[in-house]
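Since the structure comes first, as structure tokens, the remarks are kept for the end.
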Amino acid sequence: MNTHRINDDERDIDDLETNVSSINSSITTINNKLSATASSGLKTNIDTNSSSITTLNSQLSNSTSSGLKTNIDNNISAIASNLTIISGHTTAINANILGRTTNATNIATNSASITTLNNAFPKETNLRHYALNTGDIYNDGFVKFYWNASQRQLMFWVLNIPSGKYMVGGVERWVLTGISRTANYISQNNSTYYHYFTGPQLGGAVLNTSFNLTSSYARAVYFLTPYNYSAFPSYEIKVLVGYSAGYHTINIKRFN
Amino acid sequence: MSDCWVIFKNNELLFITYSEEFANLNDVSEDEREQCKIFKNIEGYEEGKGVRLVDDGNGNKIPELVDLVIQLPEIS
């Protein structure tokens, strides 16, 4: 028996209409949301990120396949090995530093020995010089010696002595059986001209021709030394003459 | 090759020098300087050779290379 009545049908229809209205409202809401997500580029961003994720996954896959981790592990091993080598070098460097200290001590000792030897043994310079050749024959920074070929005499120039200090000196000339000698104070301060060894030369070079080495078979010995000053060398110069216009043998001995 | 100055006195070799600073007559007394002449780079001259000044026929003095005669020492 059908108990459904007309009033019931109408009520059902009303309910359906209410439901339809609710469904439409929900559809509208969903559409609005869909519309909003589209306008904000959400899907585009999601698509882009998906692409990035794909790329990253690919790169990660490549790095794994290319042995990146293996390389890193190997480098760590190499670095450890290098650290060991560096440690060895550090040991060697320390040993060298110790060696240098020892060497410095030895050098200081040797320098003292050299100074002792320099004082014990004078420095000698030997040369052959053509009698007619005028020019400087020696320069050690303290004095320079000059062979005056026109007069056949040795001359000197003081290069580096404190102001006021005197140099004294002289010459002995031996020709055949005759010997002549002279000595005096012969310069003061650094020189401004070449001095002869043959007497006071304080106002200019004063020539004494009796000491010219113009004879064969002769010998002359010059000396030059500070009057009273210890920090300047002394010199003894021998000139041996065979032929008067030939080659002379000259020996320059420097003390200190 | 360095320059060479040859200085003559009374036509005979007085001295030579290879230093320009000495190529002068400072070492010759003033009254003798008129008798001196200075020549630079005489062709053919070298240390140890003889050289003197001779008249070229026109009154000019020119250097002439000569063999250097060295007297032997007298042995008694």
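The values are calculated or read from the model by the stated rules, or taken from the named source; none is laboratory data. Note that the structure is predicted; figures quoted are calculated from it, not measured. Glycine gets a Cβ as well: all are built from the backbone with ideal geometry, and neighbour counts include every protein chain shown.
Which condition breaks for A:T192 when tested against (1) β-branched (V, I, T); (2) in a loop (DSSP other than H, G, I, E, B); (3) in contact with a Ser or Thr (Cβ under 9 Å, 6 or more places away or on another chain)?
A:T192 satisfies all of (1) β-branched (V, I, T); (2) in a loop (DSSP other than H, G, I, E, B); (3) in contact with a Ser or Thr (Cβ under 9 Å, 6 or more places away or on another chain) except (3).
Please go through the stretch A:180-238 and pick out each residue that is over 29 Å from A:N119 (Cα atoms) and among the β-branched types (V, I, T).
Scanning the stretch A:180-238 gives A:T192, A:V206, A:T209, A:T214.
If you take the residues in the stretch A:136-181 that are among the charged types (D, E, K, R) and away from chain B (no Cβ under 14 Å), which one is surrounded by the fewest Cβ atoms within 10 Å (Cβ to Cβ)?
A:R181
Residue check: is B:S29 over 20 Å from B:E64 (Cβ atoms), facing another protein chain (nearest Cβ under 8 Å) and surrounded by fewer than 14 Cβ atoms within 10 Å (Cβ to Cβ)? Working first, answer last.
Details: over 20 Å from B:E64 (Cβ atoms): yes; facing another protein chain (nearest Cβ under 8 Å): yes; surrounded by fewer than 14 Cβ atoms within 10 Å (Cβ to Cβ): yes.
Against the criterion (over 20 Å from B:E64 (Cβ atoms), facing another protein chain (nearest Cβ under 8 Å) and surrounded by fewer than 14 Cβ atoms within 10 Å (Cβ to Cβ)), B:S29 qualifies.
Among the residues of the stretch A:81-109 satisfying the criterion of being among the polar types (S, T, N, Q) and more than 25 Å from the chain's Cα centre (by Cα), which is nearest to A:K238 (Cα to Cα)?
A:T109
Among the residues that make up the stretch A:110-127, is at least one of them in contact with a Phe, Trp or Tyr (Cβ under 7 Å, 6 or more places away or on another chain) and either of a type in the set (S, T, N, Q) or over 29 Å from A:Y146 (Cα atoms) (or both)?
yes
When you look at B:E32, is it within 19 Å of A:L207 (Cα to Cα) and not hydroxyl-bearing (S, T, Y), yes or no?
yes
Out of the stretch A:131-153, which residues are within 17 Å of A:T249 (Cβ to Cβ) and of a type in the set (K, R)?
A:R152, the sole residue that qualifies.
So B:N41 passes all but one of these: (1) within 13 Å of chain A (Cβ to nearest Cβ); (2) modelled with pLDDT of 95 or more. Which condition number does it fail?
(1)
What tally of residues in the stretch B:32-76 results from selecting those that are closer than 30 Å to A:Y193 by Cα, of a type outside the set (A, V, I, L, M, F, W, C) and either in contact with a helix residue (DSSP H, G or I) (Cβ under 6 Å, 6 or more places away or on another chain) or surrounded by fewer than 15 Cβ atoms within 10 Å (Cβ to Cβ) (or both)?
Residues in the stretch B:32-76 being closer than 30 Å to A:Y193 by Cα, of a type outside the set (A, V, I, L, M, F, W, C) and either in contact with a helix residue (DSSP H, G or I) (Cβ under 6 Å, 6 or more places away or on another chain) or surrounded by fewer than 15 Cβ atoms within 10 Å (Cβ to Cβ) (or both): 9 in total.
Are there any pairs with C-beta distances below 8 angstrom linking a residue in the stretch B:58-72 that is within 11 Å of another protein chain (Cβ to nearest Cβ) to a residue that is exposed (fewer than 10 other Cβ atoms within 10 Å of the Cβ) and in a loop (DSSP other than H, G, I, E, B), with the two at least 6 apart or on different chains, and if so which?
none
Taking the stretch B:7-26 only, how many residues are surrounded by 13 or more Cβ atoms within 10 Å (Cβ to Cβ), touching a Lys or Arg at 6+ places or on another chain (Cβ under 9 Å) and more than 9 Å from chain A (Cβ to nearest Cβ)?
Looking only at that region, the number is 2.
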